[in-house]
Amino acid sequence: TTTYTGADALFENESYAYYKLSETPAYYITAWYNLLSGKWEFGKVHATETTVEGVTVELTTNGRHTNYEMKLSGFDLDTSTNKVYGVVLTTADGSEYGLHHVTNIWRGTELGFNTDEPYLASIIGKTVTQITYYTADGVYVLPVSVAL
């Protein structure tokens, strides 16, 4: 027989599996199962955030791929070594809008969305004040000012 440990043992359990990490990840979220509601609940993201100042955004409307396209400059993100897991746009009123991979995030620093995407339709007319990147190397916060 073969004994599997750590991440290799995850395939052996039918309903759930876990293992203790040897180091704390760059960021993580706590999850728990609420017995009263019968649903999974999630806490806030725990991460060390790196603020990147001086980022500029070139906004194009009615772009080649989507209605709104944003190309970031001043944020050197090497996507060949640092995987992007997600991007969140925060507006001046505190609303947050998550972007999807491939659909909304291209080549790391190129973002876009269509006005008919239900979860993003209400961002039109607002000002994006922060772009947050969740990557394999940690969380990057980019203060910006982009009127949509």
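The values are calculated or read from the model by the stated rules, or taken from the named source; none is laboratory data. Here the structure is a predicted model, which is why all the values come from computation and not from measurement. Here Cβ is always computed from backbone atoms with ideal geometry, including for glycine, and neighbour counts include all displayed protein chains. Accessible surface is based on the protein model in full, side chains and every heavy atom, while ligands, DNA and RNA are left aside. Shrake-Rupley method; radii C 1.70, N 1.55, O 1.52, S 1.80 Å.
Here are a few things to note about the model shown:
- Pairs of lysine residues in the chain - Cα separation under 22 Å, sequence separation of 8 or more or cross-chain: 4
- Rounded accessible area of Ser73 (nearest 10 Å², 1.4 Å probe): 60 Å²
- The portion of the accessible surface of the range 80-148 made up by carbon and sulfur, rounded to a whole percent, is 50 (1.4 Å probe; DNA, RNA and ligands excluded).
- Local net charge near His65, Cβ-Cβ under 15 Å (Lys/Arg +1, Asp/Glu -1): -2
- For the chain, the calculated P(r), taken from all Cα-Cα distances in 10 Å bins from zero up to the bin holding the longest distance, is 10, 33, 29, 18, 9, 1, 0 percent.
- The order of Tyr134, Tyr33, Tyr119 by accessible area, most exposed first and with a 1.4 Å probe, is Tyr33, Tyr119, Tyr134.
- Summarising the label geometry, the points placed 7 Å from Cα in the beta-carbon direction at Phe42 and Thr56 lie 3.5 nm from one another.
- The trypsin sites (Lys or Arg not before Pro) of the range 36-80 meeting both criteria, a DSSP state outside H, G, I, E and B (loop) and at most 16 other C-beta atoms within 10 angstrom of the site's C-beta, are Arg64.
- The residues packed around Thr109, meaning those with a beta-carbon under 15 Å from its beta-carbon, carry a net charge of -3 if Lys and Arg are +1 and Asp and Glu are -1.
- Theoretical FRET efficiency, 1/(1+(r/R0)^6), r = Cβ-Cβ of Thr24 and Thr103, R0 25 Å, to 0.05: 0.20
- Sites matching GluC sites (Glu not before Pro) across the range 48-136 that sit in DSSP coil, with at most 16 neighbouring C-beta atoms within 10 Å: Glu53
- For the range 134-148 versus the range 41-86, the gap between their alpha-carbon centres in whole angstrom: 5 Å
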